[in-house]
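Data block below; observations after.
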Amino acid sequence: MPILVGHATAKGSTRGIAEHIATRLDRAGEVVDLRPLADVTSIREYETLVVGSAIHNGQWLTEATAWIERLGPALTGRALWAYSVSSVGATSTILSPRLARYLRRVTPEPRAVQILRSTADVRDHRSFAGAIAPGDWPGFGRIVFRVMGGRYGDARDWNDIDNWVAAIRADVVRDR
């Protein structure tokens, strides 16, 4: 059965991570279906799901939460790996390192992931830092970004993502 690698992206970082995950799983011999979550209307053909969303204001994007609401009952018992993409990941950040350490300790898991945990068999939830360009935080947000020690650029930790994909692949193989 194919593995769904679904994503909800705002500026492209999450899509880029989803593409990377799909490529790694494909190279490991898995059949992968890479799709925006807004386009996924059924999960009948998937045993394993890898889904993620960009984080805005501490929560998954609307199209990701709509996907959960739409397919909630079908998620029951399915193996699901979730990831969130924001300013601060588990191993990298676009913000100051000190602020990132603090945020990793105090930021709650997005509500969408909590809902997923109540229906699906969530094997793991991972946070990844994304990429940010000067126009991504408009107006006053740019000032806040700079005060928080923000640095423009790509903070995605591809090694961390590769390690996470290896864990997913090992789990899929073990479940067969």
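The values are calculated or read from the model by the stated rules, or taken from the named source; none is laboratory data. For clarity, every value in this text was computed on a predicted model and none was experimentally measured. Cβ coordinates were reconstructed from backbone atoms using ideal geometry, including for glycine residues, and neighbour counts include every protein chain displayed. Calculation scope for accessible area: heavy atoms of the full protein, side chains included, ligands and nucleic acids excluded. Shrake-Rupley method; radii C 1.70, N 1.55, O 1.52, S 1.80 Å.
Some points to look at:
- Checking M148 against (1) modelled with pLDDT of 95 or more; (2) closer than 25 Å to T62 by Cβ; (3) open to solvent by 20 Å² or more (accessible area, probe 1.4 Å), the condition it does not meet: (1)
- Complete set of residues in the range 23-39 that are out of contact with any Asp or Glu (no Cβ under 8 Å at 6 or more places or on another chain) and buried (at least 18 other Cβ atoms within 10 Å of the Cβ): L25, E30
- For the criterion of being of a type in the set (S, T, N, Q), touching a Pro at 6+ places or on another chain (Cβ under 8 Å) and touching a residue at least 24 places away in the same chain (Cβ under 8 Å), S96 fails.
- One residue from G77, G72, G89, G52 being at positive phi and touching a residue at least 24 places away in the same chain (Cβ under 8 Å): G77
- Condition broken by Q114, with the remaining ones in (1) within 15 Å of the chain's Cα centre (by Cα); (2) closer than 15 Å to T48 by Cα satisfied: (2)
- V165 vs. criteria under 14 Å from the mean Cα position of the chain (by Cα) and more than 17 Å from A54 (Cβ to Cβ): yes
- Criterion: under 19 Å from I43 (Cβ atoms) and either open to solvent by less than 20 Å² (accessible area, probe 1.4 Å) or part of a loop (DSSP other than H, G, I, E, B) (or both) - qualifying residue of I115, I161, I168: I168
- Residue list for the range 1-22, filter: within 26 Å of T93 (Cα to Cα), open to solvent by 40 Å² or more (accessible area, probe 1.4 Å) and not in a helix (DSSP H, G or I): A10, K11
- Within the range 153-176, residues that are over 14 Å from H125 (Cα atoms) and touching a residue at least 24 places away in the same chain (Cβ under 8 Å) sit with their Cβ atoms under 7 Å from residues that are of a type in the set (A, V, I, L, M, F, W, C) and part of a helix (DSSP H, G or I), at 6+ positions apart or across chains, in these pairs: R156/I17; R169/L25.
- Residues of the range 40-53 satisfying the condition of being in contact with a helix residue (DSSP H, G or I) (Cβ under 6 Å, 6 or more places away or on another chain) and open to solvent by 10 Å² or more (accessible area, probe 1.4 Å): T48
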